[in-house]
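Every number here is computed from the coordinates shown, using simple stated rules; none is lab data. The structure displayed is predicted, hence computed values, not measured ones. Ideal geometry is used to build each Cβ from the backbone, glycine not excepted, and the neighbour counts take in all protein chains shown.
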Amino acid sequence: MNDEIKTDFTWQSPLFSGVFFCFLLILSSSHPTANAVNITRLHDSKIVRVGYVESRNFMEGMKDHAIKSGLAYDYLQKVSYYTNWDYVYVYGDWDAMLQKLYRGEIDLMAGVSKTPEREANVLFPDYPMGLENYYIYVYSDSPLASKGIGGLRDRTVSVNTNTVMEDMLREWNSEGKHGIVVTTYSGTEGRLKDFDARRTDATVDTDNAVGREDNMVPIAKIGQSEYYLVINHKRPDLLQELNTAIGKMTSTDPYFTKKLANAYFSDLAVSGQLQEDELAWINNHPTIVVGYLDDYLPFSDTGEDGHVQGIITDLLNEITAKLKIKDNVKFSFVSHSSYESLIASLQAGSIDIAFPVNNDVARAEQSDIFLTSEVISTPMYLAYKGDFSQLTLRRMAAKRGNSIADIYIRNHFPDVEVIYYDKIGGMLDAVKNGDVDGCILNQFRKDGFLIHPSYNMLKTATMKDYSSRCFAVKRGNNELLSILNRGITALPSDFGFTSTYVYTSKMTTITFKDYILQNFIFFMIVTSIIISIVSGLLAYIYMIHRNREKMEYIAHHDGLTGLLNRRSFNEDMETLNDELAGSDVIVLAMDLNGLKTANDNLGHEAGDELITGAAGCMTKILAPYGNVYRVGGDEFMAILFNNVEDWPNILQRLKDSFEAWNGKLVKTLSVAIGSSSSRDYPALNLNDMVSSADQEMYKDKAAYYKRNGIDRRKNR
């Protein structure tokens, strides 16, 4: 019959096209999957059934029309690019999907660790998807959180049945004689429901399944294992294609799985939880001595008041806040005039931390120091005068004592003669006067110094390699190193960069003479008119005042919402304690419900609409009574201290405002709220009230998800 069709018609024939199209329509109307199957055959692809198990940031979207996301989902899609597989998703809990895989009812399942039983029933590829660690978790407000492993004796620990984590838990319990009571569940949903209801004392989960917002802390690590994308044992054809695909993925993008892990699992509870040796180090070092490089804004400098300034203070304040050790440590700062003396002090042990340090591993080994994770990276620029095409670099300027720039020059221009100057201004003057051919500036110094009218004839060219900065500790001090790395991991990825804004304007000062030079033609025209001189003076004063106000506003306000930012909140926390003594104070902690869902399903414009909508409601209701801050992506705080005796009514109006809000992309707004009042807790200081309000907010968030039947671990 096919031969007859090929004889009578051609693919280009209109008659054949019409008949074939009608044939496809008939198939699709009589059998819902027929159209997909035929199209699949036309594209020479295979239908592959995937076991889909809900797990936050790993597999999300448990319906065919839901927006899917997660590490495993992205991994599956990447595999399909090389295999031309078309997926049919089969939904269920872990144990049910594993049994379906054993029986051949599905073809693929992600996140499966090796056991003898599984190796006998499924096919494992040559390469794993990743590595995960297994921990016993308790809630941070549980009495068990401070007791450690010993507190688990005779306590119930829940775990998913027929899993590697169950095997690890039982082996760990038996070998260590910990005396825990193991309680098993067929799926994650039931296990977490009982754990949330405190019907079990602790639960086992992977490090990548628990985030900081879950209010859970790890008590003990029980093991780790590689996990795989595994194949139905009846489909060796798929295994061969999978191995080929993973091999190509690995060779063309070696860091693909690492990038996925960073994208989906960067905010883990494990990374932010200090271990026993780290806590002991903190207890033994209540004052941490920090050495910094002087005259190196925006990174570090000594201000006119003799105190340290620069992003070094912002970084350390935020790290201690994220790790919840702000009340346990104090910093003592020691300035250094040269990079060499800074490193020497660290080697000698007279300081505990050095900043900023060049992120150069080889030189760190030579200097016998340990480097933390990168805290900021900046583009580098060549500043020069004249025509770049005719530029020949024979002599370059560098700042004396700043070996970071010196090292960069020697690495990229090994043959040039380096001339040293005490100040950045001296370097730039040398370039301007032709004494040297150029100098190297990072982006922040370029923006801070070249705005000066004295250097408007200088040009810049972007260098190929960035320069990174980090903290450093003395070799062997791995406890402090891991503390700093935990805090750096908890910081927003752009925290270091955005913290530089407030310090850029402090690098150089524009004098009245500079203002005249910048507006030379204008002043030449009106030189003979005295009033124009007065006007110019007034314009200068206004410009300085306006720029100062603008920089001050940018430094203390959130760009998206216009609310006060985290920096303002930290400063107010330092100053308001004494000012508000004896006053009625209310602290609010607020957090959006469902922001991640809005971002994933509707896009980040919808998420921004939720954030600005919530900020508008807060400003309208709370601004008359105090200050409102945006302290994180979807986190807000408020400190109210003016006529708040009618607090219940204010709170109800705030909730009504949230409920009445309606956006263009998102129709509803829900905000978890927690509060703490000085009337209710007169003995608490402002820091304690913030912690109390934060705990109440998490309880309200948990109640919201429970009330709406939503797993709080899958939605934020």
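Using 0.36 nm times the number of residues separating K664 and D646, minus their current alpha carbon distance, what extension gain do you get?
Values: separation 18, 0.36 × 18 = 6.48 nm, distance 3.32 nm.
Taking 0.36 nm per residue and subtracting the Cα distance, the gain is 3.2 nm.
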For this session: Sum up the charges of everything whose Cβ sits under 13 Å from the Cβ of S113, counting Lys and Arg as +1 and Asp and Glu as -1, but leave S113 out.
Result: -4
For this session: Treat each spin label as a single point 7 Å out from the Cα along the C-beta direction, and report the E374 to K432 distance in nm.
Result: 3.3 nm
For this session: Please give the calculated 222 nm ellipticity per residue for the chain, where each DSSP H segment of at least 4 residues contributes -39500 (n - 2.57) and the sum is spread over every residue; nearest 500 deg cm²/dmol?
Result: -13500 deg cm²/dmol
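May I ask you to compute the full-extension gain from E119 to T302, defined as 0.36 nm times their residue separation minus their alpha-carbon distance, rounded to one decimal in nm?
That pair, E119 and T302, stretches by 59.6 nm at full extension.
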Exercise. Along the Cα-to-Cβ line of R103, 7 Å from the Cα, sits a label point; which residues in the range 165-195 have backbone N less than 19 Å from it?
Worked result: 186-187
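Any idea what diffusion coefficient the range 130-226 gets from Stokes-Einstein, in µm²/s, Kirkwood Rh on alpha carbon pairs, 10 °C, 1.306 mPa s? Display every interim value, and only then the final one.
Numbers: Rh = 13.2 Å.
Roughly 120 µm²/s, to the nearest whole number.
Kindly rank 442-452, 334-344, 243-253 from highest to lowest mean number of other beta carbons found within 10 Å of each residue. Intermediate results must be reported in sequence, preceding the final value.
Working: 442-452: 20.5, 334-344: 17.9, 243-253: 14.9.
Listed from highest to lowest mean packing, they are 442-452, 334-344, 243-253.
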Problem set entry | Two-site label geometry, K234 and D295: point separation in nm, points 7 Å out along Cα→Cβ | 7.8 nm
Exercise. When the dipole is taken about the Cα centre of the chain, and only Lys, Arg (+1) and Asp, Glu (-1) are charged at their Cβ, what size is it in debye, to the nearest 20?
Worked result: 740 debye
Exercise. Quick one: length gained pulling I554 to T287 fully straight, 0.36 nm per residue minus the C-alpha distance?
Worked result: 92.9 nm
Exercise. Under the classification rounded if a/c is under 1.5, otherwise prolate if a/b is larger than b/c and oblate if not, where does the range 168-317 fall, given a ≥ b ≥ c as square roots of the Cα gyration tensor eigenvalues?
Worked result: oblate
For this session: Determine, for each peptide in 175-186, 608-619, the mean count of other beta carbons within 10 angstrom over its residues, then list the peptides with the highest first.
Result: 608-619, 175-186
Exercise. Which whole-percent values make up P(r) of the range 566-707 when all C-alpha to C-alpha distances are grouped in 5 Å steps starting at zero?
Worked result: 2, 10, 19, 23, 20, 13, 7, 4, 1, 0
Exercise. Sorting F124, F569 on the 10 Å Cβ count, fewest up front, what's the list?
Worked result: F124, F569
Exercise. So, in the range 80-229, how many Lys pairs have Cα atoms under 27 Å apart, if the pair is 8 or more places apart or on different chains?
Worked result: 9
For this session: With everything on Cα atoms, drop me the angle between helix 604-622 and the longest principal axis of the chain, reported from 0 to 90° to the nearest 10.
Result: 60 degrees
Exercise. Taking N as the number of residues in the range 380-465, what value does Rg over Cα atoms divided by 2.2 N^0.38 Å take?
Worked result: 0.96
Problem set entry | Inter-site label distance for Y82 and H604 at 7 Å from Cα along Cβ, in nm | 2.8 nm
Seminar exercise, completed: Given 4 °C, 1.567 mPa s and a Kirkwood radius over Cα pairs, the Stokes-Einstein diffusion coefficient of the chain in µm²/s is 43 µm²/s
